[in-house]
Every structure is written in structure tokens, then in C-alpha cells.
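Below is one structure, written out as C-alpha cells, with a few remarks after it.
The values are calculated or read from the model by the stated rules, or taken from the named source; none is laboratory data. Values in this document were obtained by computation on a predicted structure and should not be read as measured data. Glycine gets a Cβ as well: all are built from the backbone with ideal geometry, and neighbour counts include every protein chain shown.
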Amino acid sequence: MERTALMTEATIVATLMTPLKYAGEELLSLPATVKWLQVRADVAGDVNPDWLRKRFDGRLIYTLRSREEHGGFAGSVRQRQQSLLKAAKDYDLIDLEGSRDLVPELLEAIPPDKRMISWRGAATDCLTLQRLLEKFSEAEARIYKLVSIGARPGDELASLSLLKLAGRPNLIAYTTGKHCLWSRLVALHFGMPMIFGTIESQSDFPWEPTVSQLIEDYNLPQLTPLRELYGIVGDPVQHSLSPRLHNAAYKALGYPALFVPFPVESFRDFWSRVVENGALESLGISMKGFVVASPHKETALNEVAASSPMAQSAGSTNVFVRRNGTWKADTTDPEGVIEGLSRRGIELSGKKVAVVGCGGSGRAIAAALDQVGAVVTLVNRGVERGLRAHRLLGLPFVPLSEFTVDGYSLIVNATPVGRNNHDLPFKLNGLSQDAVVIDLVYGAQTTPLIAAAQAQGRTTIDGREVLYLQARRQFHLMTGREMPADLGLKILGMKPSLNNV
């Protein structure tokens, strides 16, 4: 395998799940660091190996995943065996399902160094996984692969425990599913020899990482020591650029940490099954902090006794930090807004401000603006949430249906509107000449709100700048170190002059 004795480099496997006619250009564009290509013949169809080798210089894996193991192949046993035997003539590794393919006809024709014996099934405990590995190991193989399908946070821990206990350089074990990407990233640090990523994003399986994501967000194939784990907890968080920012900073500083996404529906499940149970510590990894994203910014406060005055005031948190075994909730939501305005020399005292969106972020920002002397009005589509923010903060509330921008010097969009569509969270008719518009939303392109405000010649602060300023503060809170400023700007495609605004 492409690994050193100290496992300083992972082997990236690109998975082809697209019919042949769409795949040629994508194969040619794969980075040189991708050494293996897995063909999922059960969904992409059979592919001529000669055609593949003209477009890919690495080695080839043939997989024909059955319906029983959550794949697309529904043919007969005989059809399956014929396909596997045919592929064995030209592919470097043949994926044999341990529950149905370890039969004399296949084992006699496919030599051990071409076998990858695999299993894919519902998440289970470490002992059951050990027994499966022992059973499959009765047949010699180059690679053994056990993939658990997770249903709840914490299901990932059994696979990691298996890797640590087995200590085998030929064992792939991880958990897949909506909230489970972090397990296959951490698994590399327990000696897992390969990590799989799709060539393109898969709408049916949005939690499956792409090859480009593995490289850009997690610095693969290089591996650095791992002692501390950080992440972002929310739903959804797949769009977040936080992993890319934090992991690049760890690499630049030589800091032994990894930042991963935790897309979970229940914060309580995540807290009790991943954080509180101590399983990560038993594996030698310390969770020291994480960013809290929507919709958990309010409910997360229920899990800790200590919180900052601002988090208490807003009834919201967006970062948890662990010090000396104790967890504390804090919020950096106001950071990107207050600092972004300060860098532009914009005074807030006495300014008329509207904060649109009364969720956790909006409340924290409104509270901070109020503290520095701004005259803040809360705006929200839902009246009940708006009135709750009014009672919590003691600030006036206007329903979105009655809101106009006329007369406000600063308007902050703290809603998700505009992230995935072309909608505006509110109309800009009557926007003052000196008004500043801030949008917490960011995406691949300029958001509709920022584009509309810029078209009117107004000063704007977009979501990427807000993210950058918040991430620097979060990084410092969690690690005690400073995130390299220019590195963050480069990753986000922003001008270095921001440091000197």
C-alpha cells in the first residue's frame, strides 16, 4: 500500500458512481495524489478497463455491491460470479462481499493479493465487528473492509475501537451516514490504509465526501499527528467552510488537531453519545471544543453549567470550549459584525439598526449592538420568535411583514434566506445613502442581498468576511493560538487588505 511505517500519508480512492458517458473528463481531472479508482459497477455499469487506464494512471478496484449490502446489483448469484471473474482479469482489486462471495469458484480464481473482502451493514458494537473480521480473515486477502451504516451520533465509535484494537495495516473500518464523515477521517489516524471519496457530489448521498473535499478541507493525503478533535455541530453543516479554515491553520502551525463536521439533528444525542461518554478519550483523542451552528444554538445551552455573559444574555451559543475538564458555552456571533464595522471606522453609538432574524445568531448580534450604544430593532418573519427575543433582550420588535429599511443606518440579515436561492430576505426600497448592509449568509457566489445593496452603491459586509472574523476568534478560544490571518483570507478568496481596513 502507499503508506509509510508511520502512516504519514493516506491513500485516496476515487469512486466512480456515474455512467461511463459522463465520466471521461472527470477522470482526466483527478489530482495525481489519487492513487486508486473504485468502479461501482452496480450503479455505473461495467466499464472497459482499457478505457479507464487511458484516463487514469493508478490502480483499479471493481465493486458490484449487492442490494443486501445497500448497493444496486440485483442479478442472480451466477451473474454476479461471472461479473467478478471477468473483472479479476483486468482489475487490481476485486471487492468480494464476505457474506456471499467467499466460495471456492471465486477464491480459486482470484488470488489473495487481488481480494478486498468487505461487509456493509447496520452499525453494531465492536465485539460483533471483531467477530466479522475474524470470520472473513479465514480467507486471505489484501484488504478487509467493514463499513457500518450509522443511525445515531456515537455509532461511529465501534469502528474506531475496532481499528485501534486490531492494529492491522490491511483493515478499513469506518461508519457512513449523514453524521458520520468524521469517523473515516479519524480512522486514518488509527492506521486505516485507504479513504474513499466520490468523484462528483452525489445528490442521493450528500454526506459522502468528494475527492476534492478530502484534499481541500482536510489536507489529504498528508497526515499529521492527531491529539485533539474539534468540529462544527449543526444541521446542515455540509456547506460550511469552517473545516477548510481550521484544518489549514492546524497544518500551518503544526498543531496536532483535526476539525470535522458533525451534522446532527439532536444536540442531546451528540452530547451524550459522543462528548460525555468519554469514548474518544479512551481512544487517545481529546475533544477540546466545537462550533455550534443552527438549529442547536439555543438547546446547546442546556447541556453546560457555565456560559459567558453574552451567551446568557442572548440565550444562544455558537462555540463550546473545554478547559480543565469543564465545558463552557460562549458566542462569537457578534464578532464578525462588530469587528467588521470597526475595521471600516463605522461608529455605532446612536445609529439606528435593524437585525432581521431572531434566532440565536440574530439575538447575539442584537445584544452586542445594543451594548455598544446602537438603537436596535428586532425583525422576524415569525411573530412568536420575535416576541420571545423582545422579552429576552428588552428591544423593540417589528414583524417582517411591516418592516421597511427606510431610516436605518445598518441592516443585518441573520436569516438563511439567499443561501440556496435568489430570494431577498427583505426589500431594499428606500435604503439610505449611508446605510451599511451585512449578510451572515455566504455561498459560492455573492448573495442576492449583497449584490442588490452593492448595485445601489452601499457599503456591504458579506458572510465570508463575517465567517473569517468569527473563525479567527473561535480558533483562539479553542486552541489558545492565533489563526494565520493571510491564510484565512486566501482560503476564502478575500483581499489581504482586510487586515488593514
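The figures follow:
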{"read-out": "Residue satisfying all of: in the stretch 191-235; within 16 Å of the chain's Cα centre (by Cα) and of a type in the set (Gly, Ala, Ser); farthest from residue 288 (Cα to Cα) among these", "value": "203"}
{"read-out": "Among (1) surrounded by fewer than 21 Cβ atoms within 10 Å (Cβ to Cβ); (2) assigned by TED's automatic domain parsing to the domain that holds residue 374; (3) of a type outside the set (Lys, Arg) - the single one residue 354 does not satisfy", "value": "(1)"}
{"read-out": "Some residue of the stretch 81-102 being assigned to a helix (DSSP H, G or I), assigned by TED's automatic domain parsing to the domain that holds residue 41 and surrounded by fewer than 12 Cβ atoms within 10 Å (Cβ to Cβ)", "value": "no"}
{"read-out": "Single condition residue 40 does not satisfy, out of (1) within 22 Å of residue 171 (Cα to Cα); (2) touching a residue at least 40 places away in the same chain (Cβ under 8 Å); (3) not aliphatic (A, V, I, L, M)", "value": "(2)"}
{"read-out": "Residue match in the stretch 420-437 (condition: within 19 Å of residue 314 (Cα to Cα) and surrounded by 14 or more Cβ atoms within 10 Å (Cβ to Cβ))", "value": "no"}
{"read-out": "Residue 349 being touching a strand residue (DSSP E or B) at 6+ places or on another chain (Cβ under 8 Å) and surrounded by fewer than 20 Cβ atoms within 10 Å (Cβ to Cβ)", "value": "no"}
{"read-out": "Qualifying residue in the stretch 345-364 (condition: without any contact (Cβ under 8 Å) to a residue 24 or more places away in the chain and either out of contact with any Ser or Thr (no Cβ under 6 Å at 6 or more places or on another chain) or not hydroxyl-bearing (Ser, Thr, Tyr) (or both))", "value": "yes"}
{"read-out": "Filter result (within 18 Å of residue 316 (Cβ to Cβ), in contact with a Pro (Cβ under 9 Å, 6 or more places away or on another chain) and not in a loop (DSSP other than H, G, I, E, B)) within the stretch 375-400", "value": "376, 378, 379, 380, 386, 390"}
{"read-out": "Close pairs (6 angstrom Cβ cut-off, 6 or more residues apart or separate chains): assigned by TED's automatic domain parsing to the domain that holds residue 362 and under 12 Å from residue 358 (Cβ atoms) in the stretch 394-407, among the charged types (D, E, K, R) and modelled with pLDDT of 95 or more anywhere", "value": "400/381"}
{"read-out": "Candidates 452, 444, filtered to the one that is in a loop (DSSP other than H, G, I, E, B), assigned by TED's automatic domain parsing to the domain that holds residue 362 and surrounded by fewer than 21 Cβ atoms within 10 Å (Cβ to Cβ)", "value": "444"}
{"read-out": "Residue 134 being more than 26 Å from the chain's Cα centre (by Cα) and among the acidic types (Asp, Glu)", "value": "yes"}
{"read-out": "Among the residues listed as 155, 217, the single one being in the same structural domain as residue 142 (by TED's automatic domain parsing) and over 17 Å from residue 258 (Cα atoms)", "value": "155"}
{"read-out": "Any hit, the stretch 32-46, residues being over 22 Å from residue 146 (Cα atoms), in the same structural domain as residue 195 (by TED's automatic domain parsing) and more than 34 Å from the chain's Cα centre (by Cα)", "value": "no"}
{"read-out": "Subset tally (residues that are at pLDDT below 95 and more than 18 Å from residue 357 (Cβ to Cβ)) for the stretch 313-325", "value": "3"}
{"read-out": "Residue match in the stretch 435-454 (condition: out of contact with any His (no Cβ under 8 Å at 6 or more places or on another chain), at positive phi and of a type outside the set (Phe, Trp, Tyr))", "value": "no"}
{"read-out": "Single residue of the stretch 103-128 satisfying the filter (under 26 Å from the mean Cα position of the chain (by Cα) and either of a type in the set (A, V, I, L, M, F, W, C) or not assigned by TED's automatic domain parsing to the domain that holds residue 164 (or both)) that is surrounded by the fewest Cβ atoms within 10 Å (Cβ to Cβ)", "value": "122"}
{"read-out": "Counted residues, the stretch 241-266 - those being more than 12 Å from the chain's Cα centre (by Cα) and either of a type in the set (A, V, I, L, M, F, W, C) or surrounded by fewer than 17 Cβ atoms within 10 Å (Cβ to Cβ) (or both)", "value": "10"}
{"read-out": "Positions within the stretch 203-249 being part of a strand (DSSP E or B), touching a His at 6+ places or on another chain (Cβ under 7 Å) and not small (Gly, Ala, Ser), in sequence order", "value": "230, 233"}
{"read-out": "Subset tally (residues that are under 25 Å from residue 413 (Cα atoms), over 22 Å from the mean Cα position of the chain (by Cα) and outside any helix (DSSP H, G or I)) for the stretch 317-343", "value": "1"}
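Per-residue answers, yes or no, for (1) in contact (Cβ under 8 Å) with a residue 40 or more places away in the chain; (2) aliphatic (A, V, I, L, M); (3) not in a loop (DSSP other than H, G, I, E, B):
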| site | (1), (2), (3) |
| --- | --- |
| 158 | no, yes, yes |
| 163 | no, yes, yes |
| 169 | yes, no, no |
| 175 | yes, no, yes |
| 185 | yes, yes, yes |
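Here is a yes/no grid of residues against (1) in contact with a Phe, Trp or Tyr (Cβ under 6 Å, 6 or more places away or on another chain); (2) crowded, with 22+ Cβ neighbours inside 10 Å; (3) of a type outside the set (Val, Ile, Thr):
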{"position": "268", "(1), (2), (3)": "no, no, yes"}
{"position": "276", "(1), (2), (3)": "no, no, yes"}
{"position": "300", "(1), (2), (3)": "yes, yes, yes"}
{"position": "308", "(1), (2), (3)": "no, no, yes"}
{"position": "325", "(1), (2), (3)": "no, no, yes"}
{"position": "333", "(1), (2), (3)": "no, yes, yes"}
{"position": "338", "(1), (2), (3)": "no, no, no"}
